[in-house]
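The values are calculated or read from the model by the stated rules, or taken from the named source; none is laboratory data. This one's a predicted model, so the numbers in the text were calculated from it and none came from an experiment. Here Cβ is always computed from backbone atoms with ideal geometry, including for glycine, and neighbour counts include all displayed protein chains. Accessible surface is based on the protein model in full, side chains and every heavy atom, while ligands, DNA and RNA are left aside. Shrake-Rupley method; radii C 1.70, N 1.55, O 1.52, S 1.80 Å.
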Amino acid sequence: MTEHHDHSARHAAPNGPPPGYSSVPATPWYAPSHRPPPPPPPATVHAESPAPLASASAPDRTPPAEDEGAGPRPPVPQRIWCVEDNRMALLAMSVWTERVPGRGEDADPFVADHQDSRQGVLAVFDGSGGAGAAPAWQAPDGEFRTGAWVGARVARLATDAWFHDVAAEGEPAEPETLRDYLRFFLEHAPQRRSKISGTMRRQLPTTLAALHYKVVQVQDEVGLELRPLWAGDSRAYVLRPRTGLQVLTRDHTRESDALELLRSDPPMTNLVCADREFEIDGGRVTYPLPCVLVTATDGFFGYVHTPADFETLLLRTLRQAGTVGEWADLVRREVQSYTADDASLAVVALGYDGFADLRARFSARLEDLKDRYVRTRPRGLDRLSPSTADAGSGPTPTPEDAAELPARVGAWQDATWHSYRAGYETHLPLAPEERA
């Protein structure tokens, strides 16, 4: 058992974006071509980061105020990164935000593609603050970092090294090999042994959700071999216009129903850590091109009203954007408006003829989502709820209606999940007890 997040105090998303909007130029596509050096000594643990979101009013890192009387809350640190390569029919982006400035425990998302071997990986890492809240390392600036903070970044570094060897050295892209790299790097990471122990405590605990892909020939067509690799409750998905968002991972919790997970958020039963055994779960799916690959931490999908909301968010912001960079920034602004956690996301779109083609292909899917899950929302639920004008000449909600809102929301969640679930769970891995 590991940490437990309290999701009971979720608030409706406010209107309007947060301040500090600015686009970021695309950075070169990362193509590893050599074996990485040995892990750095504990004093120099470092995670390579995407370009910071440039803004005079939103610095990349700002220490939190000491108390409520210390002035206005500083802007939330955030980063976006994106690239568009029309020669490879590839678009990619990542989004990273901290809920509390300087206290975020998600590592930067990892996205890489190796052109020579026609394979790549995208991954996210969510340091588990409840299980790893104790200080584990002191940065050169004197700031102490928790075990969860260190664990997420060490896992990112290990994933980077693993993919170097998968792509350039022929290392098999298997759960066992990734677990071996994680164990090696965790053994060399900075740790402070705590005198406090218990079933909830872990050394350098973090979730991991990675999606390895490789271009393969499927009969007479080119497709992808997808290898989801994960530990904990971060997730990997595949997204196509006809089938929508389909989850490729099963949370390591005793509850596996996505709607019940939104309502209860049970503790995790497996996650990456330095002091106990852990497993990297895995799967294999062959998928046609074009398609969109997604990995995300629970800051994105754990604070919505229904599982369909996460797909709607991705496609609504895609419709509004003119470039992949604008899409990344709209997603960043959207998640900051509703989440109560750090949030990180990586997206790779393969096989599309540029951003305009990607956006156009999902237009009909977005309209279907809006008809089935947005326009049917109970009035008063959030800013996406139908307005009085949308409802035609219907009556204005009364106080009695407001009192009945929880029941109406529950009925709507059940109905939408019943409609959405079959497509969403098409590739859901079997539960451990179901595996032969």
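Once backbone amide H atoms are built at 1.01 Å from N, L224 has V216, Y287, L289 as its partners under 5 Å, excluding neighbours fewer than 5 places away on the same chain.
Computed extension gain for A139 through T243, at 0.36 nm per residue and net of the alpha carbon distance, reaches 32.9 nm.
Packing around the peptides 328-334, 356-362, 153-159, taken as the average count of other Cβ atoms within 10 Å per residue, puts them in this order, highest first: 153-159, 328-334, 356-362. Roll a 1.4 angstrom probe over the protein heavy atoms and tell me the percent of accessible area of the range 190-314 that is carbon or sulfur. Carbon and sulfur: 45 percent of the exposed surface of the range 190-314. The HN-Hα couplings worked out from phi for the range 331-338 by the Karplus form 6.51 cos²θ - 1.76 cosθ + 1.60 (θ = phi - 60°) are 4, 4, 5, 5, 5, 5, 7, 10 Hz, whole numbers, x standing for Gly and Pro.
Fully extending the segment from E277 to A402 would add 40.1 nm, taking 0.36 nm per residue of separation and subtracting the current Cα-Cα distance. With 0.36 nm allotted per residue and the present C-alpha distance subtracted, the E221-R435 stretch has 73.9 nm of extension available.
In the context of the full set of protein chains, residues of the range 74-126 present 29 Å² of accessible surface per residue (probe radius 1.4 Å, heavy atoms only). Run the paramagnetic zone check for Q115: 7 angstrom along Cα to Cβ, then residues of the range 330-361 with backbone nitrogen under 19 Å. Residues 348-355 fall inside that zone. One Cα centroid belongs to the range 325-340, the other to the range 235-281; the line between them spans 22 Å.
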